[in-house]
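Structure, as C-alpha cells:
The values are calculated or read from the model by the stated rules, or taken from the named source; none is laboratory data. Every value quoted in this text rests on a predicted model; they were computed, and no experiment measured them. With ideal geometry, Cβ positions are generated from the backbone for all residues, glycine too; neighbour counts draw on all protein chains shown. Note: areas computed on protein heavy atoms with side chains; ligands, DNA, RNA excluded. Shrake-Rupley method; radii C 1.70, N 1.55, O 1.52, S 1.80 Å.
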Number of protein chains: 2
Amino acid sequence: MYVIAAYDVSVERITKVHALLGQYLHRKQNSLFEGELTKSKLEELKIKLENMIDLGTDKVIIYCLPSISILDKICIGQQSDEKMMIM
Amino acid sequence: MYVIAAYDVSVERITKVHALLGQYLHRKQNSLFEGELTKSKLEELKIKLENMIDLGTDKVIIYCLPSISILDKICIGQQSDEKMMIM
C-alpha cells in the first residue's frame, strides 16, 4: 500500500521520530514522509511509533492508500524530487 | 475531491500560510490540513499559495484524492477530532 505519514511531536522526540520514519519511508518535508509499505511493515512502524511518542501530547497521522496511482500530487515551491507545478 | 495539504515554509511566512490553508481546509496538525474542495476552490488556493510563498525556499504539497472513502487513516497519539488507534 502507499503511505503518507506526518508527525507533530515535542522537540525532544523529533530526531528519534524523524529517524524512525526515515527507516520505512521517504522524507518529503520536515515532518512529512511517503512510500510503499507492506501491511506487516506498517504494523511494525505503528508499534514502534506508539512506543516512542508521548501519546498524550504527540501525534502521528498515517494515511494509507491502496495504490499511488489514485493520488494526484501537487507540489508548489522548493523543488526536490517532486514535480514542481507553476500555475 | 478530498485534499491533504502540508506546508514547510520559512518562519516569517508560517502564520500567513497557516491562515490561508485554514480558510479552505481543516487543521489536523501544526502544518497539516485536510478537507473537501471543489476543483475551482483548489485552483484558487494553489494560486494564492504560489503568490504567498517563496518558491525557492518554501514548499507546500497538496495530495488530491477522488474521495475520502479510499483513504484509511490511522492516528497515533494526541486525540483531537481523529479516531485514536491503540495497537
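Odds and ends about this structure:
- Per-region count, the range B:7-40, residues touching a residue at least 40 places away in the same chain (Cβ under 8 Å) and hydroxyl-bearing (Ser, Thr, Tyr): 2
- Selection within the range A:47-66 - open to solvent by 10 Å² or more (accessible area, probe 1.4 Å), at the interface with chain B (Cβ under 7 Å from one of its Cβ atoms) and not acidic (Asp, Glu): A:Ile47, A:Ile53, A:Leu55, A:Gly56, A:Thr57, A:Pro66
- Reported count of residues in the range B:10-41, each being within 8 Å of another protein chain (Cβ to nearest Cβ) and open to solvent by 10 Å² or more (accessible area, probe 1.4 Å), is 3.
- Of everything listed in (1) buried (at least 17 other Cβ atoms within 10 Å of the Cβ); (2) at pLDDT 95 or above, the single unmet condition for A:Gln78 is (2).
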